[in-house]
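For reference, the structure is listed below as structure tokens.
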Amino acid sequence: MSLNIKDLPDEHLFTPGHTACPGCAAPIVVRNLMKVFGKDTIVYAPANCLLVFGGTYPYIAWKVPYLHEAFENTGACISGVKRAVKKLGKDSLVVGIAGDGGTYDIGIQALSGAAERNEDVIYVCYDNEAYMNTGIQRSGSTPFGAATTTTPVGKKIPGKTQNKKNMAEIMRAHEIPYMATMSIAYPKDFLRKAEKARDTRGFRYLHVFSPCPTGWRHDPALSIEMGRRAVESGMWTLYEAEYGRITDIYKPKRKIPVKEYIRDQGRFRHFTEEMVAKLQEYADHKWKQMYGSLPEEKPE
Amino acid sequence: MVVTGDYSAAYGALICDVDVVAAYPITPQTFIVEDFSEFVADGLTDAEFVKVESEHSAMSACIAAQAAGARTFTATASQGLALMHEMLFVAAALHLPIVMPVVNRTLAAPIGIWCEYNDTMPERDTGWLQVYCETNQEVLDMVIQSYKIGEHRDVMLPVMPSMDAFILSHTVEPVHAPSTDEVADFLPRYQPQAILDTSNPMTIGSFAPPEYIQEIRYQSEVTMQKAREVIQQVNDDFAQTFGRDYHGLIEEYRTDDADVVLITMGTVTGTAREVVDDMRREGKKVGLVKLRFFRPFPLQELRRVAENVEAMGVYDRAMSFGSGGPAFIETRHALYGLDIPVVNFLAGLGGRDVVKEDVRLMFEKTLKAAKEGRAENETVWIGTRGVKP
């Protein structure tokens, strides 16, 4: 029933030739989503990396109609496009693709409004845990302790002092027809959720964990690996919900310590044992929240 | 029908058969969204109404819908317009002929709900056409004309017809309402040249380097200049079809043999007409110019009037602090090199009434400036506690 990677069309609707950094997860997200969504799709991107690496006039990587207006309004813009399309007697799929800054922070109002109105659109958040496009500033999504250019590791304050906001749960609380969290490290799960979003009517929210080698300061070859370790450590959970009710949670076969997730990322390089413990506490809390209990400790 | 200015605006959207409305309520624009909600609820229109969570989203959704090929409508006032500020530039630069009535209301602080032009004046550089209305009939007629002007192939710009808070928005006046069929003959279906359509994919609003942006700015100026002619054409067509003539960018009243002329905007114009008649009966040769369009600004038209008078007064309902009233600043720019005194009058800020005595004082000060060949004070605050006019 669900799509396989080999079933995806060869044709790219988001084409090679864009200017994303090596190892960037965002084009992987976008390229594969578009293969599932198909040609009868209209895309909106607010201000984000995707807007910039997707093309500078007169070049563009998009093979579908594509609109940009501003930063904080993705929810409103996809609402406007969809209503017009409907009034003009068409049924194109309308998709907005925002970053975490555009979703967790400046865009949360328009997103919440569109979700509450149950607009017939798909909202995608590719979450790379900071304002990467403007030079790695903290966002509401940045995890505890991470170094960004606005949460630098100073003599007094070592990185971000707050935890990551639980945006997916905020969206689940909107009780929309469909919401899912995804990761590029789990392609089958990714495709199944994309397909499900495509085939559902009403407001759909897809939240994709999107490693950023430039901002996280890890080897570009490790992006997929970072996505996998995030899930295995409990720093990111793959689940989906319909009308607010969780219908599926992916539970990794093993739970790895947070230390294993952060060790190859420069943004956590300054971590003391105390900071590691604090982040571990966060991950454990999430794990318990999502899976009920922690796995029993086994001697190594 | 006998209706409020707000109803006139909503009714205008109805008979222009708009496709998509996205709006957020704000006093004193609320009746517009309420009235249109009733039209939708009663099945008088099958327009899509996006009841957004803010004005920023209202304008964002209108831009998106218009980019997808729909004729769109929204309305706002004051703080709401300020919240839209960012998006106004986008609508204009993307050449999307959205029509948005604005109810002129004072912009905080202090927070107030009555008439002042300090909401629309800061938006004069966004690339929107601006027209200030005097009556509820003019509000309705200018909604219709705004679509015709904005959607003209040589223009393709958004239009902001505005009306005075409460004085028009909440006051009923007799308004002749054309039928949807009559309007359909005058205003053909919207024929966009570039839209978001999956059968012909294109990008709208691309990231652009310096190699291209300056030309895009130049195009905005070219279309704004072309709008002058289109405004007159549409005015004349409208007058012929519906029998109401607003004379285009400005309307003159008893200016032919006038010694001095006062420039007014909005509802103060009605009061000023009476004052002109009173003073004419007293043998004083005064005339009036109703400044209708602020963008494009009637540079040639005002200059032509000024060439035959000895002094000009300019009424402003907003202040550009540290300079002067916006209408005054622009009028002086239009009159550059003409050696006549120009006096700026500030009155009615925050919604304070502007009465006949106030307008008479403006004329008398302008007459005095004409006689003396210079203005005693260039900026005169009328009816301000503790300030001698």
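Per the listing A:Asn118, A:Asn133, the residue uniquely in contact (Cβ under 8 Å) with a residue 24 or more places away in the chain, within 14 Å of another protein chain (Cβ to nearest Cβ) and at positive phi is A:Asn118.
Matching residues to (1) open to solvent by 20 Å² or more (accessible area, probe 1.4 Å); (2) charged (D, E, K, R); (3) within 14 Å of chain A (Cβ to nearest Cβ):
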site	(1), (2), (3)
B:Ile32	no, no, no
B:Glu38	yes, yes, no
B:Val52	no, no, yes
B:Thr74	no, no, yes
B:Leu94	yes, no, yes
B:Ile98	no, no, yes
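Taking the listed residues B:Glu378, B:Glu357, B:Glu364, B:Glu310, the one that is in contact with a helix residue (DSSP H, G or I) (Cβ under 7 Å, 6 or more places away or on another chain) and either more than 30 Å from B:Lys226 (Cα to Cα) or in the same structural domain as B:Asn235 (by TED's automatic domain parsing) (or both) is B:Glu310, with no other qualifying. Scanning the range A:210-267 for residues being of a type in the set (D, E, K, R) and either open to solvent by less than 60 Å² (accessible area, probe 1.4 Å) or in a strand (DSSP E or B) (or both) gives a total of 11. None of A:Ser92, A:Ser112 is at the interface with another protein chain (Cβ under 10 Å from one of its Cβ atoms) and open to solvent by less than 10 Å² (accessible area, probe 1.4 Å) except A:Ser92.
If the condition is being closer than 12 Å to A:Ala47 by Cβ and not hydroxyl-bearing (Ser, Thr, Tyr), then the range A:58-76 contributes A:His68, A:Glu69, A:Ala70, A:Phe71, A:Glu72, A:Asn73. Across the range A:95-109, which residue is farthest from the other protein chains (Cβ to nearest Cβ) among those that are part of a helix (DSSP H, G or I) and open to solvent by 10 Å² or more (accessible area, probe 1.4 Å)? So, considering only residues that are part of a helix (DSSP H, G or I) and open to solvent by 10 Å² or more (accessible area, probe 1.4 Å), the one farthest from the other protein chains (Cβ to nearest Cβ) is A:Asp105.
Is it fair to say A:Lys82 is surrounded by fewer than 20 Cβ atoms within 10 Å (Cβ to Cβ), over 16 Å from the mean Cα position of the chain (by Cα) and either outside any helix (DSSP H, G or I) or modelled with pLDDT of 95 or more (or both)?
Taking the combined requirement at face value, the residue does not satisfy it.
Contact map, the range A:280-292: first residue without any contact (Cβ under 8 Å) to a residue 60 or more places away in the chain, second residue open to solvent by less than 30 Å² (accessible area, probe 1.4 Å), Cβ cut-off under 6 Å, separation 6 or more or different chains; pairs are A:Gln280/A:Val258; A:Ala283/A:Ser233; A:Ala283/A:Gly234; A:Ala283/A:Met235; A:Ala283/A:Val258; A:Lys286/A:Gly234; A:Trp287/A:Gly234; A:Met290/A:Thr237.
Does A:Tyr57 qualify as being over 19 Å from A:Arg198 (Cβ atoms) and within 8 Å of chain B (Cβ to nearest Cβ)? Before the answer, list the steps.
On the way: over 19 Å from A:Arg198 (Cβ atoms): yes; within 8 Å of chain B (Cβ to nearest Cβ): yes.
Yes: the conditions hold for A:Tyr57.
Considering the conditions (1) open to solvent by 80 Å² or more (accessible area, probe 1.4 Å); (2) more than 27 Å from B:Ser60 (Cβ to Cβ); (3) free of Cβ contacts under 8 Å to residues at least 60 places away in the same chain, B:Tyr253 is excluded by exactly one of them, (1). Condition check for A:Ser79 on (1) farther than 23 Å from A:Asp199 by Cβ; (2) within 14 Å of chain B (Cβ to nearest Cβ); (3) of a type outside the set (Lys, Arg): one failure, at (1).
The values are calculated or read from the model by the stated rules, or taken from the named source; none is laboratory data. Treat the numbers as computed from the prediction; the structure is a model and nothing was measured. Cβ atoms come from the backbone with ideal geometry, glycine included; neighbour counts cover every protein chain shown. The accessibility values were calculated without ligands, DNA or RNA, using every heavy atom of the protein model including side chains. Shrake-Rupley method; radii C 1.70, N 1.55, O 1.52, S 1.80 Å.
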